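Have a look at the structure below before the remarks.
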Amino acid sequence: AAVDHGLVALPPFRERYERCLSAGVTPFRWIEYSLSASVMIVLIAMLTGIADFVALLAIFVANAAMVFFGWLMELLNPPERERTRWLPFVLGCIVGAAPWVAVAAQIAASAERGHAPPTFVYAIFVSLFVLFNSFAVNQALQYKRVGRWRDYRYGERWYLWLSLVAKSLLAWQIFANALVL
C-alpha cells in the first residue's frame, strides 16, 4: 500500500491518478486493494488456524475477485451515467463473503474441537469484517449519490481513510498480541 501511495504521489503517476479521479475510475486503488486486502484476509485466516495452501490460495483469489468486481462497478458506471448497473456490486458482495464464511467456519470448528483461537483473533475477525464491509458501504453511497458521496473524490478520500485504518488496525492488533504471547 505504501509503495502504491508513493507512486501515485510522484510524476507521471500523479497526473494519471488525477485524470482517473476526474473520469470516476481509479485503477491504482483496485490493483493495490486486490493485493493488500487479499493478503490481510489470508493473514486473518491463518490466525484462525487455516493452514492449507490451497484453501489460503482460494481465499486470496476470492478476495481479489471481489475487489475486481468493485473495479468493474466503476468501469460500468461513469459519472455521466443515467442509471447505475448494480450487478458487479452484488456479485462482488457474494464472492467477497466466501473468505469470511471460511474464516467463520474455521473459528466455529476450532471452538467445537476445544481449540478456539485466542480472544484477540475474535477481535480481529469482528473489527476487520466491519471495516472490509465499510468499503462496500462507501461504494454503495457513491453510486447511490448520497449527500457528499455525489462527489467521486469524496468517496475516494473515504477509501483512503478506510484502507489506512484497516491496515493499521490489523497490524496493531497482531503486534500488540504478539508482545503478550
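The values are calculated or read from the model by the stated rules, or taken from the named source; none is laboratory data. These numbers come from a predicted model, not from an experiment. Here the Cβ positions follow ideal geometry from the backbone for every residue, glycine too, while neighbour counts run over all protein chains shown. Quick note on the areas: whole protein, heavy atoms, side chains included, nothing else; ligands and nucleic acids left out. Shrake-Rupley method; radii C 1.70, N 1.55, O 1.52, S 1.80 Å.
Around the Cα centre of the chain, unit charges on the Cβ atoms of Lys, Arg, Asp and Glu (plus for the first two, minus for the last two) sum to a dipole of about 500 debye. Treating each Cα of region 1-104 as an identical point scatterer and summing with the Debye formula, the log10 of I(q)/I(0) at q = 0.14, 0.22 Å⁻¹ comes to -0.63, -1.08. From largest to smallest, the equivalent ellipsoid semi-axes obtained for region 59-129 from the alpha-carbon gyration tensor read 34, 11, 9 Å. Mean residue ellipticity at 222 nm, helices only, the chain: -27500 deg cm²/dmol; runs of at least 4 DSSP H residues each add -39,500 (n - 2.57), and the sum is divided by the number of residues.
With R₀ set to 41 Å, the beta-carbon distance separating residue 109 from residue 83 gives a calculated FRET efficiency near 0.40. Note on residue 172/residue 39: beta-carbon distance plugged into 1/(1 + (r/R0)^6) with R0 of 22 Å gives a FRET efficiency of 0.85. Over the chain, what is the mean sequence separation of C-alpha contacts under 8 Å (at least six apart), divided by residue count, expressed as relative contact order in percent? RCO, the chain: 19 percent. According to the calculation over all Cα-Cα pairs in region 82-165, the P(r) per 5 Å bin from zero is 3, 12, 18, 19, 16, 11, 8, 6, 4, 2, 0 %.
For the chain, the solvent-accessible area of protein heavy atoms averages 55 Å² per residue (probe radius 1.4 Å; ligands and nucleic acids excluded). For the chain, the fraction of 1.4 Å probe accessible surface lying on carbon and sulfur atoms is 72 percent. When peptides 36-43, 78-85 are sorted by average Cβ neighbour count within 10 Å, with the highest value leading, the order is 36-43, 78-85. For P(r) over Cα pairs in 10 Å bins from 0, in percent, the value calculated from this model appears in (1) 9, 35, 33, 17, 5, 0; (2) 8, 26, 20, 8, 11, 13, 10, 4, 1; (3) 10, 37, 37, 16, 1 under label (1).
Residue by residue, region 103-113 carries 3J(HN,Hα) couplings of 5, 4, 5, 5, 4, 4, 5, 5, 5, 5, 7 Hz when phi is fed to the Karplus relation 6.51 cos²θ - 1.76 cosθ + 1.60 (θ = phi - 60°); x denotes Gly or Pro. Over region 1-60, all Cα pairs binned in 5 Å intervals from 0 give whole-percent P(r) values of 4, 18, 21, 16, 12, 10, 10, 8, 2, listed from short to long. Spacing of the modelled spin labels on residue 13 and residue 1, each 7 Å from Cα toward Cβ, amounts to 1.5 nm.
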